[in-house]
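A.B. asks: One structure, pasted below without further comment.
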Amino acid sequence: MARLTTLVLPALVALTPVLAAAQSKGPDYPNRPIRMLIPFAPGGATDIIARMIEPRMSRALGQQIVVDNRAGAAGNIAVELTAQAQPDGYTLLVGNISTNSINPILFAGRTKVNAVKDLAGVTKLVAIPNFLLGSPRMPPALKEAIEYAKARPGQLNYGAPLGSYSHLDMLAFTAKAGIQMVHIPTKGAGETLTNLLRNDSNIQISNVASNIGPVRAGQIRAYAVTGAKRIAEAPNVPTMAEAGFPGIGSDNWNGLFAPARTPKAVIAKLHATAVIAMRELEAEGVLEKRQTPISLSASPADFDAYVLSEMRRWEGIIRSNKITID
């Protein structure tokens, strides 16, 4: 308890003026429940993060935040619902690298909204590493798994939400490995994991937070992990670079968004509240246990700039590889 108080108290003290300023400038917000949309099915990293911050933000705001999973259309359904909602702070979105930086490129002209233009960033929350995974029936070593796949062109599958970072990263991996696999679209990491456990998919990239339990239990195989270094919970799993695939694989960031034109005072209050909630989770060790490293934005404007930079990065990758979604 002493450690928790030591870590959380300075964060609360530092952010109290920000929270107070946001309260004094803004309307009587919130005075009714808030809906927090999740663009994927339950069980994935985005859903996990939302459900971790919900009770803390609800308590701090004095109103219940209701988590609402609206999976489908590669996350675009939840994005559209948020963008088209009243810009009053009562509809929020926990989005991620795919929904808010990749989809605006891949689905340009196919959706009713633009996730960059029609949403306002509140703060980045976490940046989660990913595993390159194998199903229980796949060979235990990556080199053997690749040889196994090469001997069965077009017969093996991988699961990933359509157009997601994991989908694009798998395209890059299979090209580099020289293997041919079939993509099975999923609604999120929860469904992706289920497919892998059932051997309905064979090799895939998915976040550490959703998969660390089955990896620890030996239910699925972890061939490599994204990021610059190995993770403490799976020290024997090499990085993608160590496994011979440098530059392939992304970290899955998640962030909080509101409709564009939401009053700045409301955005500021949400930012301060979300930051405090995340600092509490960090101090309690919840994030470390869940393998969801904290990654906060200094301000909503900083988060908007980050999302835009991410979109431009992915645009270069997508254009150079001539990736399209049919």
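The values are calculated or read from the model by the stated rules, or taken from the named source; none is laboratory data. Note that the structure is predicted; figures quoted are calculated from it, not measured. When we count neighbours, we look across all protein chains shown, and the Cβ atoms used for this are built from the backbone with ideal geometry, even at glycine. Note: accessible area is taken over every heavy atom of the protein model, side chains too, but ligands, DNA and RNA are not part of it. Shrake-Rupley method; radii C 1.70, N 1.55, O 1.52, S 1.80 Å.
A.B. asks: If you scan region 104-134, which residues turn out to be open to solvent by 10 Å² or more (accessible area, probe 1.4 Å) and β-branched (Val, Ile, Thr)?
C.D. replies: Scanning region 104-134 gives Ile105, Thr111, Val113, Val116.
A.B. asks: Picking from Ile318, Ile267, which residue would you name as being under 25 Å from Glu191 (Cβ atoms) and either modelled with pLDDT of 95 or more or among the aliphatic types (A, V, I, L, M) (or both)? Full working, then the answer.
C.D. replies: Working: Ile267 fails: under 25 Å from Glu191 (Cβ atoms).
Checking each option against the conditions leaves just Ile318.
A.B. asks: Looking only at region 142-190, how many residues end up being in contact with a Gly (Cβ under 7 Å, 6 or more places away or on another chain) and either without any contact (Cβ under 8 Å) to a residue 12 or more places away in the chain or not aliphatic (A, V, I, L, M) (or both)? Write out each step before concluding.
C.D. replies: Of all residues in region 142-190, those in contact with a Gly (Cβ under 7 Å, 6 or more places away or on another chain) come to 145, 150, 161, 169, 180, 182, 184, 186-190.
From what is left, the residues that are either without any contact (Cβ under 8 Å) to a residue 12 or more places away in the chain or not aliphatic (A, V, I, L, M) (or both) are 150, 161, 169, 180, 186-188, 190.
Looking only at that region, the number is 8.
A.B. asks: Something else: How many of the residues in region 48-70 are in contact with a helix residue (DSSP H, G or I) (Cβ under 7 Å, 6 or more places away or on another chain) and either under 16 Å from Leu162 (Cβ atoms) or charged (D, E, K, R) (or both)? Give the steps one after another, and end with the answer.
C.D. replies: In the first step, residues of region 48-70 are kept if they are in contact with a helix residue (DSSP H, G or I) (Cβ under 7 Å, 6 or more places away or on another chain); the result is 48, 52-53, 56-57, 60-61, 64-65, 67, 69-70.
Pick out the ones that are also either under 16 Å from Leu162 (Cβ atoms) or charged (D, E, K, R) (or both) and you get 56, 70.
Residues in region 48-70 being in contact with a helix residue (DSSP H, G or I) (Cβ under 7 Å, 6 or more places away or on another chain) and either under 16 Å from Leu162 (Cβ atoms) or charged (D, E, K, R) (or both): 2 in total.
Residue-by-condition table, conditions (1) in a strand (DSSP E or B); (2) free of Cβ contacts under 8 Å to residues at least 24 places away in the same chain; (3) touching a helix residue (DSSP H, G or I) at 6+ places or on another chain (Cβ under 6 Å); (4) of a type in the set (Val, Ile, Thr):
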position	(1), (2), (3), (4)
Glu80	no, no, no, no
Asp88	no, no, no, no
Thr99	no, no, yes, yes
Ile102	no, no, yes, yes
Ile105	no, no, yes, yes
Gly109	no, yes, no, no
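A.B. asks: Continuing with the same structure: Can you find even one residue in region 245-259 that is polar (S, T, N, Q), out of contact with any Phe, Trp or Tyr (no Cβ under 7 Å at 6 or more places or on another chain), within 19 Å of Ala120 (Cα to Cα) and not in a helix (DSSP H, G or I)? Before you say what the answer is, go through the steps one by one.
C.D. replies: Going residue by residue through region 245-259, those that are polar (S, T, N, Q) are 250, 252, 254.
If we keep only those that are out of contact with any Phe, Trp or Tyr (no Cβ under 7 Å at 6 or more places or on another chain) too, we end up with 254.
Those still in the list that are within 19 Å of Ala120 (Cα to Cα) too: 254.
Keeping just the survivors that are not in a helix (DSSP H, G or I) gives 254.
Yes: one or more hits.
A.B. asks: Sticking with this one: Inspect region 111-125 for any residue being under 30 Å from Ser299 (Cβ atoms), among the basic types (Lys, Arg) and at pLDDT 95 or above and give the result as yes or no. I'd like the intermediate steps shown before the answer.
C.D. replies: Here is the first cut: in region 111-125, the residues under 30 Å from Ser299 (Cβ atoms) are 111-125.
If we keep only those that are among the basic types (Lys, Arg) too, we end up with 112, 117, 124.
With at pLDDT 95 or above added as a condition, the list becomes 124.
Yes, there is a match, as at least one residue in region 111-125 is under 30 Å from Ser299 (Cβ atoms), among the basic types (Lys, Arg) and at pLDDT 95 or above.
A.B. asks: Quick one: which residue in Ser58, Ser24 is at pLDDT 95 or above, of a type in the set (Gly, Ala, Ser) and farther than 26 Å from Thr194 by Cα? Spell out how you get there, then give the answer.
C.D. replies: Details: Ser24 fails: at pLDDT 95 or above.
Selected residue: Ser58, the only one of Ser58, Ser24 that is at pLDDT 95 or above, of a type in the set (Gly, Ala, Ser) and farther than 26 Å from Thr194 by Cα.
A.B. asks: Determine which member of the set Leu296, Leu281, Leu256 is in contact (Cβ under 8 Å) with a residue 40 or more places away in the chain, touching a helix residue (DSSP H, G or I) at 6+ places or on another chain (Cβ under 7 Å) and surrounded by fewer than 21 Cβ atoms within 10 Å (Cβ to Cβ). Write out each step before concluding.
C.D. replies: Working: Leu281 fails: surrounded by fewer than 21 Cβ atoms within 10 Å (Cβ to Cβ); Leu256 fails: surrounded by fewer than 21 Cβ atoms within 10 Å (Cβ to Cβ).
Among Leu296, Leu281, Leu256, only Leu296 is in contact (Cβ under 8 Å) with a residue 40 or more places away in the chain, touching a helix residue (DSSP H, G or I) at 6+ places or on another chain (Cβ under 7 Å) and surrounded by fewer than 21 Cβ atoms within 10 Å (Cβ to Cβ).
A.B. asks: So in region 187-213, with the set limited to residues that are assigned to a helix (DSSP H, G or I) and under 21 Å from Ala78 (Cα atoms), which one is modelled with the lowest pLDDT? Reasoning before the result, please.
C.D. replies: Applying the first criterion (assigned to a helix (DSSP H, G or I)) to region 187-213 yields 189-197, 208-213.
Now narrow it down to the ones that are under 21 Å from Ala78 (Cα atoms): 189-192, 210.
On the way: Ala189: 83, Gly190: 86, Glu191: 89, Thr192: 89, Ser210: 87.
Only one residue fits best here, namely Ala189.
A.B. asks: Within region 160-208, count every residue that is open to solvent by less than 40 Å² (accessible area, probe 1.4 Å), of a type in the set (Gly, Ala, Ser), closer than 17 Å to Ile102 by Cβ and over 16 Å from the mean Cα position of the chain (by Cα).
C.D. replies: Residues in region 160-208 being open to solvent by less than 40 Å² (accessible area, probe 1.4 Å), of a type in the set (Gly, Ala, Ser), closer than 17 Å to Ile102 by Cβ and over 16 Å from the mean Cα position of the chain (by Cα): 0 in total.
A.B. asks: Let me ask you something else. Say we look at region 214-253 and pick out the residues that are without any contact (Cβ under 8 Å) to a residue 12 or more places away in the chain and under 30 Å from Val67 (Cβ atoms); which of these is most open to solvent (accessible area, probe 1.4 Å)?
C.D. replies: Ala232
A.B. asks: Okay, moving on. Being assigned to a loop (DSSP other than H, G, I, E, B) and either of a type in the set (Val, Ile, Thr) or over 26 Å from Ala175 (Cβ atoms) (or both) is the filter here, so list the residues in region 214-235 that pass it.
C.D. replies: Ala217, Gly218, Gln219, Ile220, Thr226, Ile231, Ala232, Glu233, Pro235
A.B. asks: Determine, yes or no, whether Thr262 is in contact with a strand residue (DSSP E or B) (Cβ under 9 Å, 6 or more places away or on another chain), assigned to a loop (DSSP other than H, G, I, E, B) and at pLDDT below 95.
C.D. replies: Values: in contact with a strand residue (DSSP E or B) (Cβ under 9 Å, 6 or more places away or on another chain): yes; assigned to a loop (DSSP other than H, G, I, E, B): yes; at pLDDT below 95: no.
Criteria not met by Thr262.
A.B. asks: While we're looking at this one, here's another question. Can you name the condition, by its number, that Arg137 falls short on among (1) more than 30 Å from Asn69 (Cα to Cα); (2) open to solvent by less than 50 Å² (accessible area, probe 1.4 Å); (3) in contact (Cβ under 8 Å) with a residue 60 or more places away in the chain?
C.D. replies: Only one criterion is unmet by Arg137, namely (2).
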